[in-house]
1. Are there any pairs, at least 6 apart or on different chains, whose C-beta atoms fall under 6 Å, with the first in segment 34-60 and without any contact (Cβ under 8 Å) to a residue 24 or more places away in the chain and the second of a type outside the set (Gly, Ala, Ser) and not in a loop (DSSP other than H, G, I, E, B), and if so, which?
2. Quick one: in segment 251-297, which of the residues that are touching a Phe, Trp or Tyr at 6+ places or on another chain (Cβ under 9 Å) and among the aromatic types (Phe, Trp, Tyr) is modelled with the highest pLDDT?
3. From the list GLN265, GLN292, exactly one residue is within 25 Å of PHE95 (Cα to Cα) and either among the polar types (S, T, N, Q) or assigned to a strand (DSSP E or B) (or both). Which is it?
4. Of the residues that sit in segment 111-128 and are in contact (Cβ under 8 Å) with a residue 60 or more places away in the chain and β-branched (Val, Ile, Thr), which one is farthest from VAL174 (Cα to Cα)?
5. Determine, yes or no, whether VAL75 is among the aliphatic types (A, V, I, L, M), buried (at least 20 other Cβ atoms within 10 Å of the Cβ) and under 30 Å from GLN178 (Cα atoms).
6. What pairs come up if the first residue lies in segment 275-290 and is within 10 Å of PRO104 (Cβ to Cβ), the second is exposed (fewer than 15 other Cβ atoms within 10 Å of the Cβ) and at pLDDT below 90, and their beta carbons are under 7 Å apart, counting only those six or more places apart or on different chains?
7. Go through (1) under 30 Å from LEU133 (Cα atoms); (2) surrounded by fewer than 21 Cβ atoms within 10 Å (Cβ to Cβ) for GLY311 and report which single condition fails.
Amino acid sequence: MEDKMNWAGNYRYGSSELLEPESLEEVRDIAKRSSKIRVLGSRHSFNGIADTGGSQISLRQLNRVIELDRDRRTVTVEGGIRYGELCRYLDEQGFALHNLASLPHISVAGAVATATHGSGDRNAGLADAVRALELVKTDGEIAVLERGIDRDFEGAVVGLGGLGIVTKLTLDVVPAFQVSQTVYDQLPLSALDGGLDDIFSAAYSVSLFTDWRSPAFNQVWVKQKVTGEGDDAAALTASDFFGASQAPAKRHPVPGQSAVNCSEQSGIPGPWYERLPHFRMDFTPSAGEELQSEYFVPRRHALEALQALSGLRERIAPLLFISEVRTIAADAFWMSPCYGQDSVGLHFTWKPDWERVRQVLPLIERELAPFGARPHWGKLFTMEPGKVQALYERLPDFRQLLLRYDPTGKLRNEFMHTYIMP
């Protein structure tokens, strides 16, 4: 059945039922009467983080904008809203979010809970916009946590679905802005040697794509905030980017695929929400027929990590659709892979061949281990649980938080027991 599969079709959920409440009271009732429960977001996780042997709950009926506070520059939304829905509303009101992920079709609450991110030297992950969140605990009681007020806030925002059902979030917003996106072809890996900081700081957001078939990046996606200043305008139309040349036509990140559903390129300015994602808002992807992994290394080790992976090109390339490299600013959330450190995300979009991918992931993880690489919670990895746990200094505090908010373990599933709460 379709409702038992994730977006990519690589994971079948083991839940006994999928519930779709239409009110906060229904959510509270489900939380109280369920013996085992997990929240299912937009199904974009590639592992069992959202699975359970009990009830799954979808909040897609709870997807309203509750309030826009122009003075405080915040927007309050229900947990089931997706970024595509929220972005159009905000732009119409003259506001924006600080950043967006590659896909605009994911749910806000799910993205926040798993530390999903966009790109940019000064842009922290999507969770960084959270000012407050409301969650329903497993006894049906409501908890509201606010930044700067509640001591549990930094532990609860990237909560991995383990503290409660997030029914409402208040997010910081900024004035709406324009972005121009230009794609460049063929940036040598050697260009990062001594130039990495210049490359990633050259625009609001910079993404490097490689298929690892050669020591080069096939494409560079440069997203520049348009301010109207002369220097900015020149940057938007530059024909050369550190040795890479401007693409003569619109590009898809995966070589050979149609770019019709990708966001506008060629230096044409447009609204923030139509440029920051790699794909158009009105394009809803079907089953991904792909696998994904991602590892985060401290920014200071980015070049060494890329050079280490380059030695695995012959093992990686045959299994890969594309790999993306992005920078993410540090945040303060205990279970975020970017906790306390400016980071570089090393993302892999694999062909749907799990048996072969599962053999190459340990090789990648071995090469990245000296740099303290942390895996993305919602993607595929094979690292030993103890090694994952050792990467999070606030994990003991997070465990105590889980025990206080969910003392009976209703929200804890196999994934949580393996990597978080033995």
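The values are calculated or read from the model by the stated rules, or taken from the named source; none is laboratory data. Quick caveat, the model's predicted, so the values are computed rather than measured. All Cβ positions, glycine included, derive from the backbone under ideal geometry; neighbour counts span all protein chains shown.
1. Going by the 6 Å Cβ cut-off, there are no qualifying pairs.
2. My answer is TYR295.
3. Checking each option against the conditions leaves just GLN265.
4. So the first thing to find is which residues in segment 111-128 are in contact (Cβ under 8 Å) with a residue 60 or more places away in the chain, and the list is 111, 113-125, 127-128.
Add one more test, that the residue is β-branched (Val, Ile, Thr), and what stays is 114, 116.
On the way: THR114: 23, THR116: 19 Å.
If we take residues in segment 111-128 being in contact (Cβ under 8 Å) with a residue 60 or more places away in the chain and β-branched (Val, Ile, Thr), then THR114 is farthest from VAL174 (Cα to Cα).
5. yes
6. Correct list of pairs: PHE279/ASN261; ARG280/ASN261; PHE283/ASN261.
7. Answer for GLY311: the failing condition is (1).
Conditions tested, residue by residue: (1) hydrophobic (A, V, I, L, M, F, W, C); (2) within 26 Å of ILE57 (Cβ to Cβ).
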| residue | (1), (2) |
| --- | --- |
| ALA317 | yes, no |
| ILE322 | yes, no |
| ALA329 | yes, no |
| SER336 | no, yes |
| GLY345 | no, no |
| TRP350 | yes, no |
| ASP397 | no, no |
| THR408 | no, yes |
